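The values are calculated or read from the model by the stated rules, or taken from the named source; none is laboratory data. Note that the structure is a prediction, hence the values are computed from the model and not measured. Cβ: placed from backbone, ideal geometry, glycine included. Neighbour counts: every protein chain shown. Accessible surface is based on the protein model in full, side chains and every heavy atom, while ligands, DNA and RNA are left aside. Shrake-Rupley method; radii C 1.70, N 1.55, O 1.52, S 1.80 Å.
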Amino acid sequence: MSEDDILSRHLTRRDVLRLGVAVGGAAAAGAVLAACGPAASSVAAPASAAPTAAGSVPAGTAAASPSAAQAGGKLVIGAFEDGALTPFKGTILPMFEAATGTKVEFLTEPYDSFFAKAFQDGTSKAGQYDIYIMDDPWIPQYAAAGILEDLGPHDIQMDADYPAPFADLGFWPPRSGPRVKGFETETPKLIALPTIGDLQTLTYRNDVFASAPATWDDLVTQGKAGVAAGKVKYGFVFRGVKGNPIVTSFYPVFRSFGADFFDDKWNPIFNSDKGKAAADFFVGTLKSIAPKGVAEFDSDQEGAAILGGDAAAIIQYSGNAIKSDDPAQSKVVGKLDFGVVPKQESAIAQIGIFIHGVSASAPNKDNAIAFMKWFATNDVQTALARSGDLPVKTPAFGDAQAVKDHRLLPVALAQLNAGARRGHGPPIGPRSSRSSGPS
């Protein structure tokens, strides 16, 4: 019998807690430098673009360049390949070129390859990139190595318009919580700004639930009723594949029960009474209303269950959630709504954002700083929201046109206000496993 067979047949609290150990170990050890992959593809952003109605630019945005340090010149931005960066490349970068006359080179590579290549660029001071667009778990390794520019001396601030869960990720060492050895007494410095938001929310059937279930008990009770009425096959579906998928699914349950992975001294506390209660609920109650083979489910199977009409509810990242209104992908258009994740003690979702920082060895540092300031303006963030991505500043979540075209926005903001956290450890595997961003 294979290891996967064993997991699928015997998913117990012990398995969940053991996976918690794996996450804890990853957190304590830090990110592992991945092997280099294929060579980069250089994609220069076009000089201009004609946005669609859904991605239209707020009036006057392209003309505004409040922080351009110099006109013209060059800017090299490196990133890993991800569909969520499509609006950034097609709408935002042409706007910056039009505003400043700066030519942008946008270089992308597969996730693992860019992680390694950008880190090597920074440590060797090769100067291939001016700005790195990173996955947020990369920050500890990149910042601890000193390859990210301190943004404070450049008059860049994390202002109050950034939701706190996003803002906290841009500082090193962290402003709160446990710190790695050698940085216990260091003053936090701003070394990165959020680029594109992403977080978990609840997707549910509005013919099963009259409104978003506020508690886990509500979800279970009403989900069972939906199954009994023949409206759906399963009350809840989650990702059960070992590693990152099941930990990601367990996270909002674990956090909602008031559990945590570590204390401020990095002592593991995930197996506290609250952690054990969360595990019991997850592998007992929730698993009982999920498909029998849920231990083998990943994002594709989870998404197919809700989009195919079989599931009453799932918790997922925004890239999958936005498929709910697409007739080409969903068989239940009009029957799916969004809500804040259910709570036990609290309603806490996992976040996983794109975040960008200036290379300390950037050859075009003035242009990089100018971009950082320009991208942080509310007009540009509104354009980002209208283009289909989750913005990273609060005012853009309320833009009337953006909300009309992308109804997940107010729910995402409500989730940020209710509770959203990045776990102490990095996700095991690339961002693509979270299925974020437009397909």
Surface per residue (accessible, 1.4 Å probe) for region 126-201, Å²: 37
Peptides ranked, highest mean first, by Cβ atoms within 10 Å: ranges 149-161, 242-254: 242-254, 149-161
Protection-proxy order for peptides 263-269, 303-309, 166-172, 122-128, each taking the mean of Cβ atoms within 10 Å per residue, highest first: 166-172, 303-309, 122-128, 263-269
Accessible area of region 121-166 belonging to carbon and sulfur atoms, whole % at 1.4 Å probe: 48
3J(HN,Hα) from dihedral phi, region 110-121, Karplus parametrisation 6.51/-1.76/1.60, rounded to Hz, x for glycine, proline: x, 3, 4, 5, 5, 3, 6, 5, 5, 5, 5, 4
Among the listed pairs 74/365; 287/335; 343/393; 292/323; 224/287, those beyond 20 Å (Cα-Cα): 287/335; 343/393; 292/323
Reachable aspartates and glutamates from residue 89, criterion Cα separation under 13 angstrom, eight or more residues apart if same chain: 81, 97, 105, 389
Between region 197-245 and region 328-350, the alpha-carbon center distance in angstrom: 7
With eigenvalues of the C-alpha gyration tensor scaled by 5 and rooted, region 231-289, Å: 25, 12, 8
Estimated Rh, region 140-208: Kirkwood, alpha-carbon pairs, angstrom: 14.1
Reciprocal of mean inverse Cα separation for region 256-337 (Kirkwood radius, Å): 14.9
Region 96-245 - Rg and Dmax from Cα coordinates, angstrom: 21.8, 63
Cβ crowding within 10 Å averaged over residues, with 132-140, 97-105 ranked highest first: 132-140, 97-105
